[in-house]
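Notes to accompany the following structure.
The values are calculated or read from the model by the stated rules, or taken from the named source; none is laboratory data. Source: prediction; values computed, not measured. Glycine also receives a Cβ, built like all others from the backbone with ideal geometry; neighbour counts cover every protein chain displayed. Areas reflect the complete protein model, heavy atoms only, side chains present, ligands, DNA and RNA absent. Shrake-Rupley method; radii C 1.70, N 1.55, O 1.52, S 1.80 Å.
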Amino acid sequence: MPCEVVARFLILYGSQRGQAQSIAEEICEQAAENGLTADISCLSNVEKYNVQNETRPVVFVVSTTGDGDPPDTAQKFVKKIKNKSLPRDHLSHLHYALLALGDTNYANFCNCGKTIDSRLQQLGAKHFYATGHADDGTGLEVVVDPWIEGLWEALKKILASMSTVDQQAATSSDCTQDSFPKHDSTQERNMSDLAVDLHLLKLSEVEKEKAARSDSSDAETQSTTLAASLKHSVPPLSQSVLNVPALPPTYLEVLLEQVSTEGETVPADKEGYCEVPVSKAVQLTRGDVVKTAILLELDISDQDMAYQPGDSFDVLCPNRENEVEELLVRLGLQMQKNNAVQLLLLKNTSKKAAKVPLHIPQNTSLQFILTWCLEIRSVPKKAFVRSLANCTQNSSEKRRLLELCSKEGSADYNCFVRNANVCVLDLLRAFPSCLPPLSLLFEQLPKLQPRAYSAASSSLQHPGKVNFMFNVVEFPACPEHPARTGLCTGWLADHVSTILLPLETKLASECLGTSAQPKVYVRPHPSSIFHLPADPSLPIVMVGPGTGVAPFIGFLQQREKEREENKETTFGETWLFFGCRHKDKDFLFRDELENFVHNGTLSHLIVCFSRDEPDAVNRPRYVQHNLLLHAKNVARILLKDKGCLYVCGDGKNMAKDVNDTLLEIIGNELQLDKLECMKTVAGLREEKRYLQDIWS
Ligand code: NAP
């Protein structure tokens, strides 16, 4: 039987934490509305695609991880196309578009996307649409949404210009192979939903709604016209016709069965976590501070957990009990919280390559899943908001949710959802008539991710132990949500509160009895490059304000021990630039750092206090100001002595300012213009002599 000829294209994604995948899936879902058919595959499924023979246009969506590395799922593909023996015309038949995801708070922005892009070009492949570089630092959607919007026109053009014969050949061969689920346009959209939405979006309806509101004696409703908020909009948005994203197709069926789920444990073993005791917890700050810092010592002596200073540890923390409880109540599922969950794929789902999420274990209690498996604090994406709108009874609430996910409501989404760090529970509080099914939460909430903390110790000095430190992150109350602490840091602070020691306690003091020790799930998170230089005679400059000092405590402990054990070895000079707010309150590890200076481990400790003596003129306030004061030495170490510069801490401001200062130092020293300075700094990065471990 002849196959219907449809305009097909292929989407290939490389995702680390699911963002690239969900954007790829969104493109796939939107294809039908644009009269096209998409096949989709993860780049790791090498048996499902072959770019070498690909006749369809290909859309790549790839993220970047670590220090500009490809996500695990894209590594094989990148390696394959990087093969130097491939001829220059190897991919000359390939027409592609590429959407690269990255974060400008980190070095090597969108590096994986850029690498794939330039290599595809070198192999003769052609763009049919300009590459997009989306920045998670400012909001992926700022680039992603318009990029997807422009993609359809470009796809239609390239498909039209590609030989009809080729296209048909590709299509008919596709129709006979089973590698991709086939598209059924009739299933692509639930038409009744669409009708309801269009009806809602009509201006006349909005006017009616407003008239109804003005008749109402409800004071809250009356006041809503004054200013926009999460719940309410103002003109022009409140009067706009809206362009809303397609309703994501549902694909999961959730069964809740009354069977015993006793004895369930955290799915830790599978992912390499170990449950280890916290042998000590010490508050590192004193009195009334902007951020409370806490140091934890973990006893890893029973585990096979080797680490080097510069590595991090992943901590798996649960969602807060009260939030899980409130969510259960809000979903009307409190009585079923101990029921076992069974997940099935909806038989008639139109979602491409739908899969039961692997991070939600089968036959585990609902409460357990909401506690340990799903990131219930994550900011709902626009597609999720779109689905929530569909489960909302009250028409003005529904309209507001549609506004928040619409193109026209982008600024409101950024302001009241994204920047306000709103989570699904906040939306359910704000929109009481929204009653989503549990399956929607399972479909849309991402996997609960571990949080990484730098090791602040050396195992040479503390065998069987690892230390790490953190600030207790606080989100003050705002109109969008109540006051709360960061998920992991708040949980850790509560978890160790019974054993927390004041700063005055010597860090090396005796440990607690094991019975009193709270436990945490951790696994090592090694760094590929952020380590002391292999040659100990090379000088190093470390820049780590605030808790950014953590890895350098590990470096210095390691050095201290190595110096003790290798009296004949030559060790290079060591500089530490540290900054905090107040000398007497948050000078983290002050005694230990001064001791490193005293015993010669640390050659130079340069400290600044940003909020002491605010009126003093020309005082160095931040680490970069001290770097400038020591510019000659910094330049000598980097440009003459082949030393290394390490920067750790806040990526949003500090690391950028330090980078600018480095450019200035190099420019002054070598009398170079900005471009030449940038090349020199890029060279230092390439030689792994300018290393950053930054967090946003
Ligand atoms: P912080 O907020 O970065 O503040 C430390 C000092 O840096 C303060 O004196 C602050 O001054 C100053 N500062 C503010 N803006 C600056 C700028 N543009 N340039 C230079 N200094 C500036 O310290 P923190 O809260 O401890 O945060 C450190 C960062 O490191 C966080 O992002 C954290 O996630 C990350 N980190 C954590 C770990 C860990 O293992 N826990 C490890 C590595 C990095 P003012 O506030 O007075 O302006």
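Summary table
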read-out: Heavy atoms of Asp535: accessible area, 1.4 Å probe, square angstrom to 10; value: 70 Å²
read-out: Amide H within-cut-off set for Leu252, under 5 Å, with H built and near neighbours excluded; value: Leu346
read-out: Accessible-area composition of the chain, carbon plus sulfur, in percent [1.4 Å probe]; value: 51 percent
read-out: Value of Rg/Rh across segment 1-153 [Cα atoms, Kirkwood radius]; value: 0.96
read-out: Sorted largest first, extent of segment 607-672 alpha carbons per principal axis (Å); value: 37, 25, 19
read-out: Rg(Cα) / (2.2 N^0.38 Å) computed for segment 439-594, rounded to two decimals; value: 1.27
read-out: Proportion of all alpha-carbon pairs of segment 557-600 beyond 12 Å (%); value: 69 percent
read-out: Kirkwood hydrodynamic radius (C-alpha pairs) into Stokes-Einstein, segment 25-64, 37 °C and 0.692 mPa s, D in µm²/s; value: 286 µm²/s
read-out: Whole-Hz couplings from phi, Karplus 6.51/-1.76/1.60, listed for segment 639-652; x for Gly and Pro; value: 9, 10, 8, 6, x, 10, 10, 10, 10, 9, x, 4, x, 6
read-out: From the C-alpha gyration tensor of segment 58-121, square roots of 5λ in Å; value: 21, 13, 9
read-out: Eligible lysines near Lys79 by straight Cα distance, threshold 16 Å, same-chain separation 8 or greater; value: Lys114
read-out: Dipole axis of the chain (+1 Lys, Arg; -1 Asp, Glu on Cβ), positive-most option in Leu255, Phe313, Val658; value: Val658
read-out: Radius, Kirkwood style, for segment 545-696 when every pair of distinct Cα atoms is counted (Å); value: 16.4 Å
read-out: Loop sites in segment 548-589: trypsin sites (Lys or Arg not before Pro), DSSP, at most 14 other Cβ within 10 Å; value: Lys567, Lys583
read-out: Difference of contour (0.36 nm per residue) and Cα-Cα distance, Asn566 to Arg286; value: 97.1 nm
read-out: Translational D in µm²/s for segment 307-438 (Stokes-Einstein at 4 °C, 1.567 mPa s, Kirkwood Rh from C-alpha pairs); value: 77 µm²/s
read-out: Cys42 long-range amide H proximity, modeled H, under 5 Å; value: Tyr13
read-out: The chain: calculated mean residue ellipticity at 222 nm from DSSP helix runs of at least 4, using -39500 (n - 2.57); value: -10000 deg cm²/dmol
read-out: Virtual spin-label span in nm between Lys688 and Arg88, 7 Å along Cα→Cβ; value: 3.3 nm
read-out: Range of Cα positions in segment 369-442 per principal axis (Å), largest first; value: 35, 27, 18
read-out: Per-selection Kirkwood Rh - segment 1-88 (Cα, Å, 1 d.p.); value: 14.1 Å
read-out: Rounded to whole Hz, the Karplus (6.51, -1.76, 1.60) HN-Hα couplings of segment 415-422, x for glycine and proline; value: 6, 9, 10, 5, 5, 7, 6, 6
read-out: With all protein chains modelled, accessible area of Asp660 [1.4 Å, Å²]; value: 90 Å²
read-out: Equivalent ellipsoid dimensions for segment 531-616 as semi-axes, Å, which come from the Cα gyration tensor, largest first; value: 26, 12, 11
read-out: Inter-site label distance for Ser301 and Lys156 at 7 Å from Cα along Cβ, in nm; value: 7.1 nm
read-out: At 1.567 mPa s and 4 °C, Stokes D of the chain from Kirkwood alpha-carbon radius, µm² per second; value: 46 µm²/s
read-out: Dipole magnitude of segment 555-696, debye to nearest 20 (Cβ charges: Lys/Arg +1, Asp/Glu -1, about Cα centre); value: 260 debye
read-out: Sparse-neighbour loop sites [GluC sites (Glu not before Pro); segment 566-644; at most 15 other C-beta within 10 Å; DSSP]; value: Glu568
read-out: Potential lengthening between Cys415 and Val241 on full extension [0.36 nm per residue; Cα-Cα distance subtracted]; value: 60.6 nm
read-out: Residues with amide H under 5 Å from that of Ala97, placed H, sequence gap 5 or more; value: Val58, Val59, Phe60, Phe128
read-out: Karplus (6.51, -1.76, 1.60) ³J(HN,Hα), θ = phi - 60°, over segment 526-541, in Hz, Gly and Pro reported as x; value: x, 9, 7, 10, 7, 10, 4, x, 4, 8, x, 7, 6, x, 10, 10
read-out: Trypsin sites (Lys or Arg not before Pro) restricted to segment 644-696 and DSSP loop, no more than 16 other C-beta within 10 Å; value: Lys652, Lys688
read-out: Cα-based Rg / Dmax (Å) for segment 361-516; value: 20.5, 64
